[in-house]
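Single-structure report; data block below.
The values are calculated or read from the model by the stated rules, or taken from the named source; none is laboratory data. Quantities reported herein were computed from a predicted structural model and do not represent experimental measurements. Ideal geometry is used to build each Cβ from the backbone, glycine not excepted, and the neighbour counts take in all protein chains shown. We work out accessible area using only protein heavy atoms, side chains counted, and drop any ligands, DNA or RNA first. Shrake-Rupley method; radii C 1.70, N 1.55, O 1.52, S 1.80 Å.
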Amino acid sequence: MNTASLRTYLSKGLIVGLVPVLTLVNLQSIGAADPVKGGKSKTPVKSIVAKINVTAPAKAVKKTPAKKVPTARVAAPQSFADSYTLGPGDRLRVDIFNVPEYSGEFYVLGDGAINLPVVGAIPIQGLTVQRASGLLTAYFSRYVKRPIVTISVLAPRPVQFAIAGEVTRAGSYTIPFTADNRKFPTISQAIQLAGGTTQTANLRQVQVRRAATGRIISVNIFDVLQRGNTGQDITLRDGDTVYIARSESVSAADRLRLSGSNLANQDATVKVAILGEVGKPGTYTLRGESGATASGGGRVTPPTLTEAIKIAGGSTASADLSRVRVRRNTRTGAGQTVPINLLSLLKSGDFGQDIILQDGDTILLPTATEINNANSTLVAASNLGPQSISPPKVVVVGEVNRPGTYTVTGSGNTTNNNTQLSGTVALPTVTNAIQSAAGIKPTADIRQIQLIRTTRTGEQKIALNLFKLLQQGDTSQDIILQEGDRIFIPVAQNPNAQDVDLVASSTFSPVSIKVNVIGEIANKAGRGGTLEVPPNTTLNQALLIAGGFDNVRANKNEIDFIRLNPNGSVTKRLIKLNFTRGIDSETNPRLQNNDTIVIGRNGLTRIGDGFSTILTPFNGLLNLFRF
């Protein structure tokens, strides 16, 4: 080796050898005012940390390569070491290369410091493993030449965090690390641990407050459910606080997506109150249904709104399922009303309307202001209708043949009060009730029928026009009955013949009417009798049904027609017969119940009967002389 090379080698060696000495001198100058006493350093930590990278004067730094400065080796996994911050309860392994007497296992104490040989208590709370290794390197540089300090986390302390707001069980939670799993918990895991969110949770603005820095981070957890963006599901650190605010309005689609996720409330037992138009209003405790998951385990489905309605006996015929309201208390103490349209569920399969219930919910089924028979039929045929269909007991008064109280089935037949309908049945309607009352009278005003119904909120008056049913096929006028309905059918003020004929031919008219045909009829045995004929039977048809005229005695040109009026008066008129004409109010009217037809005698018969009356006493005398 020549002289120049030797000089270069000695210069470099001298610089490298001076690095730890200069570092030690620098650190000692910083803490000269507070020497180490009792094995504990009194040097301020901030000063030590600030001077860790100062290893030589400015000139020496320029000449000394950076790779020659002692660096800390982190034994923990890079991802864990970079993110984990040390704190009280951590069990660490501190190794100082080639100095076993200073190495060993140590705990981070409650004050956040680690008590080490020689250097004493060093606060490391809130530092990562790498930063803590650098800090210990600076401390041990006073006593060890070029120390190489390695920190390994043997047993990390559990992660403790708090979660508040719209979750089922708000509070503080602790998740321990295991030997196989050193992953930090995520926000979604924290929500699941807290029992899931409420239905009013605003998952689009979840806030996380970092304890170490005080920084507030806003994340959109709903984006995880909607698009699978796991980047929003950040990991938590020890001391973090998660807050989930309440949303003022939650769409049905959001409720449906949330209820189908593992972030929803998994507590399957809730206590709710259901009021309004249901069979049995009151308070109920609902339990969810168990089902198998893809992993083979069991998952409990929380109870929903429709399950509550079914348990309460189903909705009544007066319920307005398009305006259902669910009132619930939020975590902040303020009440919230959730509007629900269950008709949308029945008509279009909008399952977002069948929300998951929460403990303390109050369900209100309001009374419909207008009765829609199509909707009533749809509800009655669904599992939201009455769960036990009993024939309703109703009152029918007015222009019917037998006013009174009836228990009506869908077929129009009356039953006793103990009968229950099961399976698929025809639901009883207004026309069924009229049929049970022996049918409507021809003088009834079917345009102004009134139904009075007792609801949970009082009496409800429903105007019906059965003429629309007959003329336009408007089945919404023939509404479904419920228990306690009262039907009133008024008298028509000015009925016209067409209306009377139309009503008489309808299904809610009597099956048959009774008319009296007396006088000179061909059927001598039936003279003076009562006939049962179909509604809308004409005068000519009744005469033929009665057997026709007596060819010898009857007056075939005219008859006496007698009708009992609704006001109690009697109308009698002479009708000239004309069998060649059709229905005619003057010569061939349609008959009504209890009409009377009197077939008179012809002139010759009246004369003969007169002579017979005069001669009858003389015939008696002649019979005496014969003896």
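Against the list (1) open to solvent by less than 50 Å² (accessible area, probe 1.4 Å); (2) within 24 Å of F177 (Cβ to Cβ), the condition Y139 fails is (2).
Residue-by-condition table, conditions (1) polar (S, T, N, Q); (2) touching a helix residue (DSSP H, G or I) at 6+ places or on another chain (Cβ under 9 Å):
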{"residue": "I479", "(1), (2)": "no, yes"}
{"residue": "G484", "(1), (2)": "no, no"}
{"residue": "S505", "(1), (2)": "yes, yes"}
{"residue": "S512", "(1), (2)": "yes, no"}
{"residue": "N516", "(1), (2)": "yes, no"}
{"residue": "E532", "(1), (2)": "no, no"}
{"residue": "D550", "(1), (2)": "no, yes"}
{"residue": "I559", "(1), (2)": "no, yes"}
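Filtering the range 481-505 to residues that are within 42 Å of the chain's Cα centre (by Cα) and either polar (S, T, N, Q) or under 23 Å from F561 (Cα atoms) (or both) leaves only Q482.
Residue count for the range 536-590, restricted to those that are among the polar types (S, T, N, Q) and under 15 Å from I518 (Cβ atoms): 1. Per the conditions (1) open to solvent by 40 Å² or more (accessible area, probe 1.4 Å); (2) closer than 30 Å to Q207 by Cβ; (3) basic (K, R), the sole criterion not satisfied by R157 is (1).
Only one entry in I151, I187 is open to solvent by less than 30 Å² (accessible area, probe 1.4 Å) and touching a residue at least 60 places away in the same chain (Cβ under 8 Å), namely I151. Could you look through the range 205-235, keep only residues that are free of Cβ contacts under 8 Å to residues at least 40 places away in the same chain and in a strand (DSSP E or B), and pick out the one that is farthest from I187 (Cα to Cα)? Filtering first and then ranking leaves I216.
For first residues located in the range 428-454 and outside any loop (DSSP other than H, G, I, E, B), partners that are aromatic (F, W, Y) and open to solvent by 10 Å² or more (accessible area, probe 1.4 Å) and lie 6+ apart or on another chain with Cβ distances below 9 Å form the pairs A433/Y406; S436/Y406; I449/F488; Q450/F488; L451/F488; I452/F488. Exactly one residue among G126, G110, G171 is farther than 30 Å from T337 by Cα and in contact with a strand residue (DSSP E or B) (Cβ under 8 Å, 6 or more places away or on another chain), and that residue is G126. Of the strands (runs of 3 or more DSSP E) contained entirely in the range 525-623, those carrying at least 3 residues that are within 60 Å of the chain's Cα centre (by Cα) and either acidic (D, E) or at pLDDT 80 or above (or both) fall at 529-533.
Only one of these is free of Cβ contacts under 8 Å to residues at least 40 places away in the same chain, under 24 Å from L502 (Cα atoms) and either in contact with a helix residue (DSSP H, G or I) (Cβ under 7 Å, 6 or more places away or on another chain) or of a type outside the set (F, W, Y) (or both): L574, L564. Name it. It is L564. Just so you know, in the range 438-463 the residues that are of a type in the set (A, V, I, L, M) and modelled with pLDDT under 90 include one that is nearest to the chain's Cα centre (by Cα), and it is I462. In summary, K310 fulfils each of the numbered conditions (1) at pLDDT 85 or above; (2) over 22 Å from Q482 (Cα atoms) with the single exception of condition (2). Within the set F140, F184, the sole residue that is modelled with pLDDT under 85, over 30 Å from N329 (Cβ atoms) and aromatic (F, W, Y) turns out to be F184. Restricting attention to the range 470-499, the residues that are closer than 17 Å to Q435 by Cα and either among the small types (G, A, S) or assigned to a helix (DSSP H, G or I) (or both) total 3.
F184 meets the stated requirement of being within 25 Å of V242 (Cα to Cα), in contact with a helix residue (DSSP H, G or I) (Cβ under 8 Å, 6 or more places away or on another chain) and in a loop (DSSP other than H, G, I, E, B).
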